[in-house]
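Below is one structure, written out as C-alpha cells; the observations come after it.
The values are calculated or read from the model by the stated rules, or taken from the named source; none is laboratory data. Here the structure is a predicted model, which means the values were calculated and not measured. Note that each Cβ is placed from the backbone with ideal geometry, even for glycine, and that neighbours are counted across all protein chains shown. The accessibility values were calculated without ligands, DNA or RNA, using every heavy atom of the protein model including side chains. Shrake-Rupley method; radii C 1.70, N 1.55, O 1.52, S 1.80 Å.
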Amino acid sequence: MTPECERVLDALGGPLPPELAAHAASCEDCRALTSGFEALEAVPPLPTPQATPGMEAARRKTLEELAITPVATPWWRELLMLLATYAMVLGVGLSALGRAGVVLNSASPVVVGGLAMLILALVGGGAYVALAPGRRRFRWAPVAVGAALVAILIVLGGSGTAPARSFLSGLMRCVMSEVVLSVLPLALALVLLCRSAFQPVRAFAAGLSSAGVSLFVLHLHCSDGTVDHLMVGHIVPWLLLAGVALFLRSRLRTRNYAP
C-alpha cells in the first residue's frame, strides 16, 4: 500500500480531495476500497426493537419487586426459619406421643443416641441442600447415599423387640403419626423452594429433611424394633413423603422475579 492509498483510507467517510480522488480513480485497490465503503454506507440502519406488552409487564413487575425488597434477603434466614419450624414440630410430636415416656426405643443407648444424631444431621443437611444459593450445585449421589445410609442403619439398629399389639395396629399408628407430623414442615419447605427455580435434587432433599423430623420422633418413641415394622412403618413412609415433595414441587409455580 502506497502512502497515497493510506491517505485515501484515512479520508474515507467524507469527500476526497481532488488529488486523492484522481489517485483513487487510477488505483485498483483504492477503487475496491471506496466502492466497498460506499456499499456499506448504503445499507439501511437496523430498526430499533419495540417493547412488547410481555416485556413491559416483566419490566413493571421487576420494578415492583425491587421497590418492595431493594436488597436481597440473606438465604440463611429462610434456612433458620425452616429449622425453627422443624424444632417446633419435633417438640410438639415428642410431647404428644411421649406421654408414657419420650424414649421407648429399647435398643442400647449408644445405638439410640447415635442414630438420633444421624437423623438430625440428615434433617439439617437436607434443609441446607434445599435452600443454599443456586451457585452451589448439588448432585443426586450424595443425597441418595445419605438417605440409603440412614435407612439401613435404622433398620439394622432396631432392638428386635415386638410389642404386644398387632403388627397392623402398630404399623398404622406410626404411618399416620409420620404423615401428620410432616405436613407443616413439608408445606413450609415447598413454599420456600418456590422462590427459586425447580431443581429435583433440592426438592427431594427438602422432602427427606421435612419428613426426617417425624422419623426422628418415631425413632425415639416407637417401641417396636422389628425389621418389618421399621422398614414398612418408618422408612417407606419417609421415602414416599420425600417423593411427594419432589412431585408437588415439580407441579408448583416458581415465584422468581429477580432481574
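A few remarks follow.
- Annotation note: of LEU171, LEU115, the sole residue that is under 21 Å from LEU83 (Cβ atoms), open to solvent by less than 80 Å² (accessible area, probe 1.4 Å) and out of contact with any Pro (no Cβ under 6 Å at 6 or more places or on another chain) is LEU115.
- Residue that is surrounded by fewer than 24 Cβ atoms within 10 Å (Cβ to Cβ) and in contact with a helix residue (DSSP H, G or I) (Cβ under 8 Å, 6 or more places away or on another chain), where the choices are LEU181, LEU192: LEU192
- Of all residues making up region 85-110, the number that are at pLDDT below 95, part of a helix (DSSP H, G or I) and touching a Ser or Thr at 6+ places or on another chain (Cβ under 8 Å): 2
- Restricting LEU248, LEU240, LEU252 to those that are without any contact (Cβ under 8 Å) to a residue 24 or more places away in the chain and either outside the structural domain of VAL179 (by TED's automatic domain parsing) or under 21 Å from GLY126 (Cβ atoms) (or both) reduces the list to LEU240.
- Residue, nearest to VAL92 (Cα to Cα), within region 206-259, restricted to residues that are open to solvent by less than 30 Å² (accessible area, probe 1.4 Å) and in a loop (DSSP other than H, G, I, E, B): CYS222
- Meets criteria (part of a helix (DSSP H, G or I) and at pLDDT below 95) for GLY170: yes
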